[in-house]
Amino acid sequence: MNASAESDIERLIRSFLEFETHHDLFSVRIRGHCFWDHIRYAVFYECVYSIHSFRDPRMLRPHDYIREAWSLARALVGELLTSARSYDILVVNYDRRVVIEGKNRNAHMYPFIQELAGAYSVLLVDATLLHQTDDEAYPCRILRFRPFHLLDRLKSLRVRYDARERAVMASLGEAIRQELGVTVDVHGLARSVYALQLEKYRRYRRVFQKYRPRLVVYADDASMKGALEAARELGIPTVELQHSLVSFLNVLCNYPEDSRARAAAIVPDHVFTYGEYWTNEFRSPVKIVPVGFPYLEERLADASPSRADRERNIMVIGMFFEKEILVQITLELARLLPEHRILYKLRSDDYEGWRGRYPRALQETPNVTVIDSDAVSLFEYFTMCAYQIGTNSGALYEGLAFDLTTFVVKAGWYAEMNALIEGGHAFLVSGAAEIAEKVRAGARPPHRLNRDSLFKSDSRKRIRAAIDSILAGTT
């Protein structure tokens, strides 16, 4: 893609990487830690939000803690009274729940733990903030991290910076304003994001010292820098599990080529990816190990034969930034293809109260169905559909594994799908009319993407072999 065709987001990421290299920001240390790598994700999204005029909603409110005060206190006391012991693997959970064997479990962590718990001692640090995890949901001990998150958040509010540190932050904020064109309150991020990461660093260091894991495994939700630092200092190897779409627009896995930046980067030792397709999407100093995605592989194995009416069902993968254009396309397609059923899949964090935020037409159009719960898995819906539409969701890749004809809408962050588009594996479209024309014609992209390249088979065996190798010190 030539420079003139670059989107605003593509230009931003390139400017951002050049900016942090030019100012040698990875050399800036405050309170003994690499200040920039702890806040760069937050800074980047301040720039993104300025482009989209958007703010991420708060995900955990004070009344959530108040409502759960008793369970939080019980978990806190229980952990303080638990004796120290060693574990082979410490797994940090995150918020992505699906129903597996009748219980809400994490789509990535549960298969991983289930496969390894018989051979290794495993401790699950349940760091999820949006949901409570069932005591019987995992075949291992669960350490409830939510009360410690609250304590660390409160402690982080007390952090104050001296005049020299504030001057560094002010200078950085001014450089961002001049070169990236965005006003960012760096001191404010230092008091919120950075201060909390330092508390998490101390917390995880204490947890690691108490339980002495030989390996730490996690999926990166942008809150793990403190934990990674603590593990590195204690000589504990780390593994990140790929859990979604990865591309050059993701700053968590995209670092400058500069050797000083890469030496200071707070990154895992290994990344377990879905398949070889993703290897070049990680632009950071990590070792890539393609292993697959067990949950997806097992759902594919369980998938029932294609339904007779599959060709009449179209899935739209909803997003936050591109919501308006995707809703518009949904309604227009419903009009252009009255014999088809359009399923609009909301993001899970958009389920609550969505009717007050979306046009009434989305609710009232007869051949449009809004998916606003996880009662039926997304993968089951994929078996019902022949087509999918979206901009830049990891779900589109999962849909490809179910052989859905894929339309990438040229809006927002669509450039994350460049490899699919340029490889002829998906159609790039601007609106509903193009999609309707191709659906009527039964068109398919010119090249089919090898599923094993995207999502390797025998994923559980591959995970076991990779973990055996790391713990044996041969990787």
For this session: Return one number: the angle in degrees, 0 to 90 and rounded to the nearest 10, between the long axis of the Cα atoms of helix 8-22 and the longest principal axis of the Cα atoms of the chain.
Result: 20
Seminar exercise, completed: Expressed in nanometres to one decimal, the distance between label points 7 Å along Cα→Cβ at K410 and A375 is 4.0
Exercise. Which value, in debye to the nearest 20, describes the size of the charge dipole of the chain about its Cα centre when Lys and Arg Cβ atoms bear +1, Asp and Glu Cβ atoms bear -1, and nothing else is charged?
Worked result: 1360
For this session: Assuming R0 = 51 Å, can you tell me the calculated FRET efficiency for the pair E276 and T82, based on Cβ-Cβ distance, to the nearest 0.05?
Result: 0.80
Exercise. How far, in degrees from 0 to 90, does helix 35-52 lean away from the longest principal axis of the Cα atoms of the chain, to the nearest 10?
Worked result: 30
Problem set entry | chymotrypsin sites (Phe, Trp or Tyr not before Pro) within the range 160-253: DSSP coil, no more than 13 neighbouring Cβ in 10 Å | none
For this session: Report the equivalent ellipsoid semi-axes for the range 219-350 in whole Å, largest first, defined as the square roots of five times the eigenvalues of the gyration tensor built from alpha carbon atoms.
Result: 38, 19, 13
Exercise. Near K438, which aspartates and glutamates are there with a Cα under 19 Å away, not counting those fewer than 8 places off in the same chain?
Worked result: D309, E311, E332, E339, D403, E422
Exercise. Could the peptides 368-374, 33-39 be put in order, highest first, of the mean number of other beta-carbon atoms found within 10 Å of their residues?
Worked result: 33-39, 368-374
Exercise. The range 395-456: percent of C-alpha pairs farther apart than 15 Å?
Worked result: 50
Exercise. Going down the list K323/K410; K155/K225; K225/K345, which pairs span over 21 Å between their C-alpha atoms?
Worked result: K225/K345
For this session: Can you tell me which of 145-151, 320-326 comes out highest on packing, and rank the rest after it, using the mean Cβ neighbours within 10 Å?
Result: 145-151, 320-326
Seminar exercise, completed: Everything considered on the Cα gyration tensor (a ≥ b ≥ c; rounded for a/c under 1.5, else prolate if a/b is larger than b/c, else oblate), the range 299-454 must be described as rounded
Exercise. In what order do W354, W70 fall by count of nearby beta-carbon atoms within 10 Å, going from fewest to most?
Worked result: W70, W354
Exercise. Percent relative contact order of the chain, based on C-alpha pairs within less than 8 angstrom and at least six residues apart?
Worked result: 14
Seminar exercise, completed: Expected unfolding gain across A163-A303 under the 0.36 nm per residue rule, minus the alpha-carbon gap, is 44.3 nm
Exercise. By the scheme Lys and Arg +1, Asp and Glu -1, what is the net charge of all other residues having a beta-carbon under 9 Å from that of V184?
Worked result: -1
Seminar exercise, completed: Nearest-0.05 FRET efficiency for S71 and S244 at R0 = 25 Å, using Cβ-Cβ distance, is 0.30
For this session: Assuming R0 = 51 Å, can you tell me the calculated FRET efficiency for the pair S453 and D185, based on Cβ-Cβ distance, to the nearest 0.05?
Result: 0.75
Seminar exercise, completed: Expressed to one decimal in nm², the mean projection of the alpha carbon convex hull of the chain is 23.0
Problem set entry | On Cα atoms only, tilt of 163-180 relative to the major axis of the chain in degrees | 20
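We did not get these values from a lab; they are worked out from the coordinates using the rules stated. All values reported here derive from a predicted model rather than from experimental measurement. Backbone-built Cβ (ideal geometry, glycine too); neighbour counts: all protein chains shown.
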